[in-house]
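Values in this text are rule-based calculations from the coordinates and carry no lab data. Just so it is clear, the model here is predicted, and its values are computed rather than measured. Every residue, glycine among them, receives a Cβ derived from its backbone with ideal geometry; neighbour counts consider all protein chains shown.
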2 protein chains.
Amino acid sequence: MKIIFIKKGEDNVRGKGHRGGAWWQNRFHDIGARVTAPREVVIDILHETDDHVSATDVYVKAHAMNPSIGLTTVYRTLDMLTQMGIVQKFDFGDGKARYELVNNPDGKKHHHHLICLRCKAIIDYSEFLDDELEFIGKTQNRLSKKYNFDITDHAISFYGFCDQCKRV
Amino acid sequence: MKIIFIKKGEDNVRGKGHRGGAWWQNRFHDIGARVTAPREVVIDILHETDDHVSATDVYVKAHAMNPSIGLTTVYRTLDMLTQMGIVQKFDFGDGKARYELVNNPDGKKHHHHLICLRCKAIIDYSEFLDDELEFIGKTQNRLSKKYNFDITDHAISFYGFCDQCKRV
DNA sequence: CACTTATTGAAAATGGTTATCATTATTATT
DNA sequence: AATAATAATGATAACCATTTTCAATAAGTG
């Protein structure tokens, strides 16, 4: 995978722009990346989708909107967005990665996951976020200091057996 | 993937046995699975390894100890152990899954991960476990009640850029 | 011992993801 | 505007971890 070089700076928050475009376009300009049609389409799709989507999911939709968009570009764009911290990449163990906007103004709030080890069902939960925020914030501070790590995101997952599967 | 059926019961704690074998052998008996040579080898290897290993890593070692052991069986065994909650499966985004014993008496303590989005470096950390335990315990209780979920394990990961990569 | 069922491993198939490379689009420069 | 320099694209092929298939073998049972 080609590694992109990221200049750190503003958060990916809507409305922080200086050039009038959508918030993410500034992020692109800042790192010297171009704002192109395929990239716009991919981000639009992520915006509209209130779910974890696979690369193929995105490709199918993108291709429907603009048949000239190829699967490779979808992968590249998702990868780039992940490295920029705009998208979070998940692997739930079913062989394909899932992607999700980190801050989707129109979409789901930040959440964590409950994953069934048997049927692979995923439950998103966003309760108890106050407690989590406190905990995460504290830990994140300590870790970034101790390891000189620039932390941009986190994931919490619980594994086990869902209501169905636990009865077996 | 074939789904195995798991009878719940004892924890995978050493020395809780009733048939004299190693602790995990009872777990196997309990679910009607056979204790075979390849399975013993795989578990032995996991015991000896103080690290996250890939299926291929395990296969190479297993094959060295007993050349008749095939890669397929390694995959199957790791998968089975994961579903039994004896092994935890991780995906750090480099295309191959990693496995680790959940309770390794001779190995590493429970820990969480710091993952570099650029170079994919993994840092294991186990500091602040007291705070984490408190937080995890509370959340786990709430979640298992609310979602009728039988939680057996969890993972916390922080994403960002490591000391090296953040300077770019 | 005979029987039933689980386990195994070699090989082939699958399928998500990446690398290649010639073409095209975008930005910078004149 | 025209041109040069560079980044982005997409079709195809390659890659490689993981699964499936299936006949052979081993383990528990009566």
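Shortest first, in nm, what separates the label point of A:E48 from those of the same position in the other copies (7 Å along Cα→Cβ)?
Nearest first, the other copies' label points are 5.5 nm away.
Suppose you put the label 7 Å out from Cα in the Cβ direction; list, shortest first and in nm with one decimal, how far A:R34 is from each other copy's label.
Spacings between copies for this position, smallest first, are 6.2 nm.
Per residue of B:129-139, how many C-beta atoms from partner chains lie within 10 Å of its own C-beta, taken as a mean?
Neighbouring Cβ atoms belonging to other protein chains average 3 per residue here.
Would you compute, for the Cα atoms of the stretch B:74-134, the largest minus smallest coordinate along each principal axis and list the three values in descending order, in whole Å?
That works out to 34, 31, 20 Å along the principal axes.
For B:D94 paired with A:L133, estimate the spin-label separation in nm (one decimal), with each label point 7 Å from Cα along the Cα-to-Cβ line.
Once both label points are built, they end up 3.5 nm from each other.
In Å, the Kirkwood hydrodynamic radius of the stretch B:13-168 over pairs of distinct alpha carbons?
After inverting the pairwise mean of 1/r, the radius is 17.5 Å.
Only Cα pairs within less than 10 Å get springs; with that Gaussian network setup on chain A, which residue of A:N141, A:N103, A:N66 has the largest fluctuation?
Most flexible of the set in this elastic network: A:N141.
Could you work out the helix-only [θ] at 222 nm for chain B, with each DSSP H run of four or more residues adding -39,500 (n - 2.57) and the total divided by the number of residues, to the nearest 500 deg cm²/dmol?
-12000 deg cm²/dmol
Would you look at the GNM of chain A, springs on alpha carbons closer than 10 Å, and say which of A:K89, A:K108, A:K146 moves the most?
A:K146
In chain A, what is the count of Lys pairs whose alpha carbons are under 16 Å apart, counting only pairs at least 8 residues apart or on separate chains?
Taking the Cα cut-off of 16 Å, the pair count is 6.
Sequence gap at least 6, Cα distance under 8 Å: using those rules, report the relative contact order of the stretch A:56-116 to the nearest whole percent.
With pairs under 8 Å counted, the relative contact order is 18 percent.
Compute a Gaussian network model of chain A, connecting alpha carbons closer than 10 Å, and tell me which residue from A:I123, A:I45, A:I69 fluctuates the most.
In this elastic network of chain A, the residue with the biggest mean-square fluctuation among A:I123, A:I45, A:I69 is A:I123.
Mean separation of Cα pairs under 8 Å and 6+ residues apart, divided by the residue count of the stretch A:68-156: what relative contact order is that in percent?
17 percent
Can you give the net charge of the other residues whose Cβ lies under 12 Å from the Cβ of B:K146, counting K and R as +1 and D and E as -1?
Surrounding charge for B:K146 is 0.
Pull out the extension gain between B:D124 and B:N148, defined as 0.36 nm times the separation in residues minus the alpha carbon to alpha carbon distance; nm, one decimal.
5.6 nm
Could you tell me what % of all Cα pairs in the protein assembly as shown have separations over 27 Å?
Looking at the protein assembly as shown, the distances longer than 27 Å represent 51 percent of pairs.
Hey, for A:M65 with labels 7 Å out along Cα-Cβ, what do the inter-copy distances come to in nm, ordered shortest first?
So the distances to the same position in the other copies read 5.2 nm.
So, with +1 on the Cβ of K and R and -1 on the Cβ of D and E, and no other charges, what is the size of the charge dipole of the stretch A:34-168 about its Cα centre, to the nearest 20 debye?
For this selection, approximately 540 debye.
How large, in Å, is the stretch A:19-78 by the Kirkwood hydrodynamic radius built from its alpha-carbon pairs?
12.0 Å
Give the relative contact order (percent, whole number) for chain B; include only Cα pairs under 8 Å separated by 6+ residues.
Computed over chain B, the figure is 17 percent.
From other protein chains only, count the Cβ atoms within 10 Å of every residue's Cβ in A:141-153, then give the mean.
That average works out to 6.
Across the residues of B:75-85, average count of Cβ atoms on other protein chains within 10 Å?
1
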